[in-house]
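Trainee: Starting off with a structure, shown below.
Nothing in this text is a laboratory measurement; each read-out follows from the coordinates by a stated rule. Please read these numbers as outputs of a predicted model, since none were measured by experiment. So basically every Cβ, Gly included, is an ideal-geometry build from the backbone, and we count neighbours across all protein chains shown.
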Amino acid sequence: MTPRRVAPSFWLLLLAFVAWDLRHSAPLNLWREPPLLAAGSGQAPSGGHCSAPK
Amino acid sequence: VIRKGVIGQLLLLGLAATLSMPLLAAFPELQAALGPPSVSLLVGAFVFGLTMQIADGCGSGTLYKAGMGVPLNMGILPLFALGSFIGSAHLDRWLALGQTAPVGLVDQWGAGPALAATWAVLIAAGLGVRAWAGWGKAWLDKRWVRGALALALLAALNLVIAGQPWGVVYGFGLWAAKLAQAAGLFDPTANCLLGPGRAPAAPVADAAAGRHEHHQHRHPGRCAVGGGGQAQPSHKALSARQWAVGLAAGFLMGYSSRLAFGCNVGAMLSGISTGSVHGWIWVPLAFAGTLDRRARAAPLRLLKADL
């Protein structure tokens, strides 16, 4: 594939993925937002991290 | 450049640790980047170091080079995501080969001794690099100091806001996992990517909360040799063989990043700066992977092919 075809394909696929994700993911729940600052909130983060095995 | 870069990275690690370790001690809800010392870590870090040379960029390096318009890295990004996802799915089998519990120096020793030990090792490494390069040569300039300070501040800010350190590759795997789950190819409740305790909707909610897709535009821990900072959008096509090698390296880089419990950011920077022993294991293994001359030359060959 030539560079001229790679770039448009890449951006189209990326935009398509973002659009698909926005459409199919659960909507944001503003009442369950995590605290603005985790430090001092008393709530441990629930998201995954690449260093964690799970 | 390499000499100054190594010292700059050591400075970054020390500054980030100076900011992060006291925070971890003061706020128990903040989490260190703790990965288990394991066979998975040994293999993953070595393969990651090797393949990031061939692919001419690590996790975040692939991101920013794809954004810059480098065709190979645009092709690598989705394969990195696929590799990261499959690596996550296989991780329980790799861990079954042998592992020990993660060790956090702040938990074990407290922030002060952990920070002192971290600086001691970093200074020893810096002296070793200076002795290897020659004592009389310049070893640091203002740009590296400014860069190290800025990245250390941003890393600490990430910890304060998100509650966990900077990471990259988990987010890549999440992208592929979403697609695989939507296609019915993957049961997230039966695999260690999410684990039985995490409902399928959990990662989506986490992502919406912005908790684990922390991207960076650049960090100094990527390729020591071969195109670092030289990336330019190419105007000539690579050969089919060069594409195949680069894409395969990208896939393996994603796969190994999960086995290694992080990349240059998640394992090295975040691991060491938050006192995780797995970060100290990651560095020599990944460095050993970069020592293969053919791998180091690969980006240069790709660059020549582009010019």
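Trainee: What whole-number distance in Å separates the alpha-carbon centres of chain A and segment B:233-289?
Mentor: 21
Trainee: Where a ≥ b ≥ c are the square roots of the eigenvalues of the C-alpha gyration tensor, would you call segment B:104-148 rounded, which needs a/c under 1.5, or, failing that, prolate if a/b is larger than b/c, or oblate? Working shown, then result.
Mentor: Values: a/c = 4.57, a/b = 1.90, b/c = 2.41.
Oblate, since a/c reaches 1.5 and b/c is not below a/b.
Trainee: Give me B:Lys142, B:Lys65 ranked fewest to most by other Cβ atoms within 10 Å of their Cβ, as a rough exposure proxy.
Mentor: Values: B:Lys142 7, B:Lys65 25.
The order, fewest Cβ neighbours first, is B:Lys142, B:Lys65.
Trainee: Return the average number of partner chain Cβ atoms within 10 angstrom of each residue Cβ along peptide B:82-95.
Mentor: Values: counts 0, 0, 1, 0, 0, 0, 4, 0, 0, 2, 2, 0, 1, 2.
So the per-residue partner count for this stretch is 1.
Trainee: Return the average number of partner chain Cβ atoms within 10 angstrom of each residue Cβ along peptide B:277-287.
Mentor: Numbers: counts 0, 1, 1, 0, 0, 1, 0, 0, 0, 0, 0.
Average per residue, whole number: 0.
Trainee: What is the average number of partner chain Cβ atoms found within 10 Å of a Cβ in A:8-18? Before the final figure, lay out the partial values.
Mentor: On the way: counts 0, 3, 9, 4, 0, 3, 6, 0, 0, 5, 1.
So the per-residue partner count for this stretch is 3.
Trainee: Moving to a separate point now. First check a/c for segment B:1-103, with a ≥ b ≥ c the square roots of the eigenvalues of its C-alpha gyration tensor; if it is under 1.5, answer rounded, and if not, answer prolate when a/b is larger than b/c or oblate otherwise. Show your work: numbers first, answer last.
Mentor: Values: a/c = 1.84, a/b = 1.14, b/c = 1.61.
In terms of gyration-tensor shape, oblate.
Trainee: Taking the square root of 5 times each eigenvalue of the Cα gyration tensor, what semi-axes in Å does the equivalent ellipsoid of segment B:81-121 have, largest first?
Mentor: Equivalent-ellipsoid dimensions as semi-axes: 32, 13, 8 Å.
Trainee: Residue by residue through segment B:63-77, what is 3J(HN,Hα) from phi via Karplus (6.51 cos²θ - 1.76 cosθ + 1.60, θ = phi - 60°)? Round to whole Hz and write x for glycine and proline.
Mentor: 4, 6, 6, 5, x, 6, x, 7, x, 4, 6, 5, x, 6, 3
Trainee: Using Cβ counts within 10 Å as a stand-in for footprinting exposure, how do B:Tyr255, B:Tyr64 rank, fewest first? Provide the component values of the computation, followed by the final result.
Mentor: Values: B:Tyr255 27, B:Tyr64 18.
Exposure proxy ranking, most exposed first: B:Tyr64, B:Tyr255.
Trainee: Most exposed first by the Cβ proxy, i.e. fewest other Cβ within 10 Å, how do B:Ile7, B:Ile272 rank? Intermediate values should be presented prior to the final figure.
Mentor: Numbers: B:Ile7 23, B:Ile272 27.
Ordered from fewest to most neighbouring Cβ atoms within 10 Å, B:Ile7, B:Ile272 come out as B:Ile7, B:Ile272.
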